[in-house]
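Asker: Structure in C-alpha cells, see below.
The values are calculated or read from the model by the stated rules, or taken from the named source; none is laboratory data. This is a predicted model, so every value here is computed, not measured. So basically every Cβ, Gly included, is an ideal-geometry build from the backbone, and we count neighbours across all protein chains shown. Side chains included, ligands, DNA and RNA excluded: accessible areas come from the protein's heavy atoms. Shrake-Rupley method; radii C 1.70, N 1.55, O 1.52, S 1.80 Å.
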Amino acid sequence: MIRLTVQMILLAFLVTFVACNPPPLPLDDIAIEKTFTPDRCDRMVKSGDFVRYHYIGMFPDGKKFDSSYDRSTTYNVFVGQKQLIAGMDKALVGMCVNERWMIKIPPQLAYGKDGYGDNIPPDSILHFDVLMLDIWNTEDKVQIKTYHKPESCGRTVQVSDYIRYHYNGTLLDGTLFDSSHTRMRTYDTYVGIGWLIAGMDQGLLGMCVGEKRIITLPPSLGYGENGDGSDIPAQASLVFDVVLLDLHNPKDEITVEVQSLPDHCPRKSVVGDFMRYHYNGSLLDGTFFDSSYSRNRTYDTYIGKGYVIAGMDQGLLGVCVGEHRRIVIPPHLAYGEEGTGTKIPGSAVLVFDVHIIDFHNPSDTVEITSVKPENCSNNTKRGDFVKYHYNATLMDGTYIGSTHTFGKTYDVVLGAGQVVIGMEQGLIGMCVGEKRKLVIPPHLAYGERGVDGEVPGSAVLVFDVELVDLEEGLPEGYMFVWNSDVTPNLFSEMDKNKDAQVDAAEFSDYILQQVKEGKGRLAPGFDSQRIIENMYDNQDRNKDGRITEDEFKLKADEAAAHDEL
C-alpha cells in the first residue's frame, strides 16, 4: 500500500514536470496573441488592402531572423494577393492601426520543407511581432469628418478661393510630420487649382470659416509611392486636422451688413466728407486686431479720398449718423498679401464693426431749423446784445453743456467774436421767444483741435437755442452814440472845474450822466468803464493824462472816429 503511494507520487511529479516544460509542438494553423489593442479602431485590414507595418521575425526559441526596424523602414504590401507567405496573408486580416499582435505561423503556411536560404531552416515555425501602422485600399477616396461647425456659415470654400488655415499633419498611426501651429503661421493657398496635393484640394472644399475637420487621404491623393523624401514615407495615408480661419476670392468686393439705422437720417455720407467713427476690427475667424474704443477716441478721416484702405473708403459711403454697420473687406481691398507685419497677417479678410458718430463736408454751412413765435418783428443783427438758453450735444447725442444747468442765460454781443462763428451765424435774425436747432460743422465751431476734455476734435455740434432777451446794439464800429443833437458847449460842460482841461473823472462822470438821462448810449454787453476809458484815451492825443480843447476838437473832426463825441 505504501509502495503504491510512492509510485503514484513519482508519476504525478513526472506529469507535472512534463506539463511545465512542453516541447515545441507543430501548429496546424496560425495562432495569434493580441499584445496591444488600441481603444479606437476605425478600420480593420481586409483582403485587398495595402498595409504598412513593422515586424520582428523570430523562431520559437526567441532567436531573431529578421526585423523591419533594423532596416529603418516599414514593410509595405497588399494583403490577400499572395505577396506574403500564406500565414501572414491570413493573419493580418482584422488588424487595426496601432494594434500589435504576436503571430505564430506553422511551416506549411510559411516556408515549408524548403525553408528560406540560410536564414530559415526547413519546417520552421515562425513568430512575428507585428505593429500595424497604415491601412488603405486602391478604392479609397478622401474621408472627411467634421467635428466642429460654427452656428453661422454664410459662405463655404469653393474652387479658386484663397484660404488661410491651420493644420496638424500626422500619419495614420498618429505620428506628427508637420504642423502650421508650430510655425505660428497659417498655411495660405488657393484651393482646387492644383496648388495643393489632390486630397487636400478636395478635402477643403465646402468648409466654413471656423469649421474644424479631419481629412484623411490615401497615398494616391497624397505623396504616393515616393512620399516626400523626409517625414512622409512612401505609400503613407495622411491625416490632416484642419481649422479654417479665412477665405475669399480674388473677385470679391466688400460686403456691408447694416445692423441698425437711426430713426432720422437727413443726409448720407458722400465722397469728400470728413467722418468720425468708432470701430472694432477683427479677422474673419473673430481674432481681434484693433479698436478705436480701446483708445477712447474716434477714428477721424476723409472718406472716398484714399485716406483709408480702399474697402473702408467704399464701406463708409452712404451711411447715416448713428448707423451701425459691419463691413467685410477682402485683402486686395485691405492690406493685401503683406498684411501689416504685426496684427494683420498677409492675405487676411478684415471685419469692421462700425458706429458712425458724425460727418460733415468742408463746404457745409450752419444748418438752421426754426420755430418762431406768433409775433416776431424785431430780429437780431450784428452788434446786438442777446441773452439765450442752449442745450449742446454732439451729433450722436453726447451731452456737452447747457445753460439750464446753471440757471442763467448765455449773454453775448453778436459780431464781437465772443462765440464760435457758427453760433454767431445761427443767432442772426432771431426774435425773442424763437427756438432754433443749429447744426454747426467743426470748421465753424472748434475745428480739428476741439476743446480739451469737452469737445472732440473735428466734431459737429448741435445746439438747441431759445432767445430770451435782445438789446439793440450800436452801429458797427461804435461804442457810444448820441441819442440827440450834440451840444455845441460839449467841452465846457465836461470841464466842471473850468481849468481848461478835462481829466478822466470829469470825462467819465459826464458820459455816464448822458447815458442815465437817455441822451447817449454805450454799446451793450461790454464793460461801461472800459469803454469810457478807451474813449478818453482816444481823445488824449498826447497821452499826458488830460484832454485840452484843442485835442478834443481835433479828435471830433476825424472822419473815422469810433465814438460820437
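Asker: What is the set of long-range amide H partners of LEU126 at a cut-off below 5 Å, with H atoms built 1.01 Å from backbone N?
Answerer: ILE105
Asker: Mind scanning LYS387/LYS519; LYS437/LYS516; LYS305/LYS387; LYS516/LYS543; LYS104/LYS141; LYS381/LYS408 and naming the pairs with a C-alpha gap bigger than 32 Å?
Answerer: With Cα atoms farther than 32 Å apart: LYS437/LYS516; LYS305/LYS387; LYS104/LYS141.
Asker: Taking the Cα atoms of region 243-301 alone, what are Rg (to one decimal) and Dmax (as a whole number) in Å?
Answerer: Reported Rg and Dmax, both Å: 15.1, 45.
Asker: Name the residue from GLN108, VAL77, CYS96 whose Cα lies farthest towards the positive end of the charge dipole of region 31-136, charges +1 on Cβ of Lys and Arg and -1 on Cβ of Asp and Glu.
Answerer: Selected residue: CYS96.
Asker: Run down the aspartates and glutamates and flag those whose C-alpha is under 14 Å from the C-alpha of LYS496, throwing out any fewer than 8 positions away in its chain.
Answerer: GLU506, ASP509, GLU549
Asker: Separate question: Is the chain rounded, prolate or oblate when judged by the Cα gyration tensor, a ≥ b ≥ c being the square roots of its eigenvalues, rounded requiring a/c under 1.5 and prolate requiring a/b larger than b/c?
Answerer: prolate
Asker: Here's something else I'd like to know. Rounded to the nearest 500 deg cm²/dmol, what is the calculated helix-only ellipticity per residue at 222 nm for the chain, with -39500 (n - 2.57) per DSSP H run of length n ≥ 4?
Answerer: -4500 deg cm²/dmol
Asker: With θ set to phi - 60° and the Karplus curve 6.51 cos²θ - 1.76 cosθ + 1.60, what are the ³J(HN,Hα) couplings of region 289-295 in order, to the nearest whole Hz, using x for Gly and Pro?
Answerer: So the J values, rounded to whole Hz, are 10, 6, 7, 6, 4, 5, 8.
Asker: Something else: Just to confirm the filter: which trypsin sites (Lys or Arg not before Pro) across region 191-261 are DSSP coil and have at most 16 other Cβ within 10 angstrom of their Cβ?
Answerer: Loop-located and lightly packed - LYS251.
Asker: Moving on to the next point. For a quick check: with amide H placed at 1.01 Å from N, whose amide H comes under 5 Å from ASP358's, ignoring anything fewer than 5 positions away on the same chain?
Answerer: Sorted by chain and number, the residues that satisfy this are ARG276.
Asker: Please give the Cα centre distance for region 219-254 versus region 303-359, rounded to the nearest Å.
Answerer: Using only Cα atoms to place each centre, the spacing works out to 32 Å.
Asker: Probe of 1.4 angstrom, ligands and nucleic acids ignored: what's the accessible area per residue over region 367-471, in square angstrom?
Answerer: Result: 52 Å² of accessible area for each residue.
Asker: Using a 1.4 angstrom probe on the protein heavy atoms only, could you order GLU337, GLU374 from most to least accessible area?
Answerer: GLU374, GLU337
Asker: Sticking with this one: With a 1.4 Å probe and all protein chains in place, put GLU424, GLU434 in order of accessible area, largest first.
Answerer: Solvent-accessible surface, decreasing: GLU424, GLU434.
Asker: For a quick check of your reading of the filter: which chymotrypsin sites (Phe, Trp or Tyr not before Pro) in region 158-265 sit in a DSSP loop and have no more than 15 other Cβ atoms within 10 Å?
Answerer: Listed in order of number, the matching sites are TRP195.
Asker: Kindly report, to the nearest 10 Å², the accessible surface of ASP300 as traced by a 1.4 Å probe over protein heavy atoms only.
Answerer: Rounded to the nearest 10, the figure is 60 Å².
Asker: Using only the alpha carbons of region 455-542, determine the length spanned along each of the three principal axes and report them from longest to shortest in whole angstroms.
Answerer: Taking max minus min along each principal axis of the Cα atoms, region 455-542 gives 60, 29, 18 Å.
Asker: On a 0 to 90° scale, report how tilted helix 528-539 is relative to the longest principal axis of the chain, with both axes built from alpha carbons and the result rounded to the nearest 10.
Answerer: The angle comes out near 60 degrees.
Asker: Region 143-248: D in µm²/s via Stokes-Einstein (Kirkwood Rh, Cα pairs, 25 °C, 0.890 mPa s)?
Answerer: For these conditions, the coefficient is 176 µm²/s.
Asker: Sticking with this structure for a sec: Carbon-plus-sulfur fraction of the accessible area of the chain, 1.4 Å probe, in percent?
Answerer: 51
Asker: Could you put SER152, SER347 in order of accessible surface area, largest first, with the 1.4 Å probe and the full protein assembly present?
Answerer: In descending accessible area the options line up as SER152, SER347.
Asker: A further question follows. Residue separation times 0.36 nm, minus the C-alpha to C-alpha distance between GLU517 and THR73: what's the value?
Answerer: This chain segment gains 147.8 nm when fully extended.
Asker: Which FRET efficiency value, to the nearest 0.05, is calculated for LEU176 and ASP29 with the Förster distance at 41 angstrom and r the Cβ-Cβ distance?
Answerer: For R0 = 41 Å, the calculated efficiency reads 0.55.
Asker: Counting other Cβ atoms within 10 Å of each Cβ, which GluC sites (Glu not before Pro) in region 203-293 have at most 16 and sit in a DSSP loop?
Answerer: Loop-located and lightly packed - GLU225, GLU253.
Asker: Next question, about the same structure. In nm², what is the average projected area of the convex hull enclosing the Cα atoms of region 31-136?
Answerer: 6.4
Asker: Heavy atoms of the protein only, probe of 1.4 Å, neighbouring chains included. What is the accessible area of HIS389 in Å², nearest 10?
Answerer: 40
Asker: Anything over 22 Å Cα to Cα? Flag those among LYS46/LYS149; LYS90/LYS113; LYS34/LYS82, in the order listed.
Answerer: With Cα atoms farther than 22 Å apart: LYS46/LYS149; LYS34/LYS82.
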